[in-house]
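Notes to accompany the following structure.
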Amino acid sequence: MTKKTEAFLFIALLILAILFATHQLTESPSFWYDEGWYFQSAANLATHNGYGIQFSPDNIKPVSMLQTVSYPLIFPLALGFKIFGVSVLVGRSVMVLFIMALLASAYALAKHLFGPTMGLATLALLTTFAPLYGNGKSILGEVPGLLYLTVFLLSLNLSTNPNNKWRSWWLVIGGLSAGLAFTTKPFFFILAPAILLGAFIGWRRRFFSLKEIGLTAAVFLAPVIIWYLVQ
């Protein structure tokens with residue numbers, strides 16, 4: 001496959017994904033209960049009313065009492081509301097950005113592991129996977145968490161090359177993205193034992209030194225500490 005063909009197919013699939021992701025953006029799927037919680041907590045944060053859910057003019061319950069999805073979703077949403085105003089369109093537009101970033105990172109990961117053909121096949125499969133839009137267009141934590149997880153896996157694979165001059169930076173990005181995935185939603189907590197086991201195997205096989213593992217762990221803990229303080 002030539003690079004021109006690869007680039008054409010990549011752009012064509014992304015355009016198709018944009019059409020799917022933005023079709024009836026505010027109506028399909030319908031705005032619903034869980035989405036409303038996250039929408040309101042981000043809106044309150046953006047309008048300086050506090051990071052929580054408002055039940056009356058002077059009664060805002062702290063977010064830690066009411067929801068499990070945390071700042072890796074809520075903060076980008078609040079930033080979007082701060083810049084463009086509070087609306088369902090803005091909130092779901094932020095989710096479209098998460099979807100597109102997930103598609104691009106999944107393509108990059110598959111291409112790095114298996115070559116351009118499998119990268120495009122992965123992108124085509126995800127682009128035509130309806131639940132990605134059925135869940136991803138709603139303001140929920142699954143797609144952002146998967147994005148951070150995919151970036152972690154990509155960074156981890158890029159860092160295993162000892163000749164990569166950006167190796168340390170990839171480890172930093174990997175640790176940061178793993179921490180963000182871990183703190184997005186509780187079911188990503190299962191990352192922790194997998195990462196620990198992978199770090200141990202990587203050290204035993206001399207893929208990583210203890211210094212590199214320590215660096216990644218320190219960066220990983222930074223988002224977790226922020227999560228603890230916020231949540």
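Can you pull out every residue in region 56-76 that is at pLDDT 75 or above and either among the hydroxyl-bearing types (Ser, Thr, Tyr) or part of a helix (DSSP H, G or I) (or both)?
THR68, SER70, TYR71, PRO72, LEU73, ILE74, PHE75, PRO76
Can you find a residue in region 36-45 that is open to solvent by 50 Å² or more (accessible area, probe 1.4 Å), in a helix (DSSP H, G or I), of a type in the set (A, V, I, L, M, F, W, C) and under 21 Å from PHE81 (Cβ atoms)?
Step one: list which residues in region 36-45 are open to solvent by 50 Å² or more (accessible area, probe 1.4 Å), which gives 37, 40, 45.
The next check asks that each one be in a helix (DSSP H, G or I); those that pass are 37, 40, 45.
Adding the requirement that they be of a type in the set (A, V, I, L, M, F, W, C) leaves 37, 45.
Within this subset, residues satisfying the condition of being under 21 Å from PHE81 (Cβ atoms) are 37, 45.
Yes: one or more hits.
Which ones in region 22-40 are within 21 Å of the chain's Cα centre (by Cα) and more than 30 Å from PRO62 (Cβ to Cβ)?
If the condition is that a residue be within 21 Å of the chain's Cα centre (by Cα) and more than 30 Å from PRO62 (Cβ to Cβ), then THR22, LEU25 are the ones that fit.
Give me a count of the residues in region 199-231 that are surrounded by 15 or more Cβ atoms within 10 Å (Cβ to Cβ) and not aliphatic (A, V, I, L, M).
The number of residues fulfilling the criteria is 9.
Looking only at region 183-207, count every residue that is in contact with a Phe, Trp or Tyr (Cβ under 6 Å, 6 or more places away or on another chain) and either outside any helix (DSSP H, G or I) or within 15 Å of LEU140 (Cα to Cα) (or both) and tell me the total.
Of region 183-207, the ones in contact with a Phe, Trp or Tyr (Cβ under 6 Å, 6 or more places away or on another chain) are 183, 188, 191, 202.
After this cut, where a residue has to be either outside any helix (DSSP H, G or I) or within 15 Å of LEU140 (Cα to Cα) (or both) as well, the list is 183, 188.
The qualifying residues number 2.
I'd like to verify a number: residues in region 1-26 that are surrounded by 14 or more Cβ atoms within 10 Å (Cβ to Cβ) and aromatic (Phe, Trp, Tyr), how many?
Number satisfying all stated conditions: 2.
Can you tell me which residue is farthest from the chain's Cα centre (by Cα) among those in region 55-74 that are crowded, with 16+ Cβ neighbours inside 10 Å and free of Cβ contacts under 8 Å to residues at least 40 places away in the same chain?
Initially, region 55-74 is screened for residues crowded, with 16+ Cβ neighbours inside 10 Å, giving 60, 63, 67, 69-74.
Of the ones still in play, those that are also free of Cβ contacts under 8 Å to residues at least 40 places away in the same chain are 60, 67, 74.
Values: ILE60: 27, GLN67: 18, ILE74: 12 Å.
Here the answer is ILE60.
Please verify whether region 167-190 includes one or more residues that are surrounded by 20 or more Cβ atoms within 10 Å (Cβ to Cβ) and over 30 Å from LEU229 (Cβ atoms).
No, region 167-190 has no match at all.
Quick one: would you say TYR51 is of a type in the set (Phe, Trp, Tyr), surrounded by 13 or more Cβ atoms within 10 Å (Cβ to Cβ) and at pLDDT below 85? Write out each step before concluding.
Values: of a type in the set (Phe, Trp, Tyr): yes; surrounded by 13 or more Cβ atoms within 10 Å (Cβ to Cβ): yes; at pLDDT below 85: yes.
So TYR51 passes the test.
Given the conditions (1) over 21 Å from VAL69 (Cβ atoms); (2) modelled with pLDDT of 95 or more; (3) open to solvent by 30 Å² or more (accessible area, probe 1.4 Å), which single one is not true for VAL151?
VAL151 satisfies all of (1) over 21 Å from VAL69 (Cβ atoms); (2) modelled with pLDDT of 95 or more; (3) open to solvent by 30 Å² or more (accessible area, probe 1.4 Å) except (1).
Just the residues that are polar (S, T, N, Q) and in a loop (DSSP other than H, G, I, E, B), please, taken from region 12-35. Even if it seems obvious, please write down each step before you answer.
Quick first cut of region 12-35, residues polar (S, T, N, Q) only: 22, 24, 26, 28, 30.
Within region 12-35, GLN24, THR26, SER28, SER30 meet the criteria.
The values are calculated or read from the model by the stated rules, or taken from the named source; none is laboratory data. Please read all numbers here as calculations on a predicted model, not as lab measurements. Backbone-built Cβ (ideal geometry, glycine too); neighbour counts: all protein chains shown. Each accessible area value is taken on the protein alone, full model and side chains, heavy atoms only, with ligands, DNA and RNA left out. Shrake-Rupley method; radii C 1.70, N 1.55, O 1.52, S 1.80 Å.
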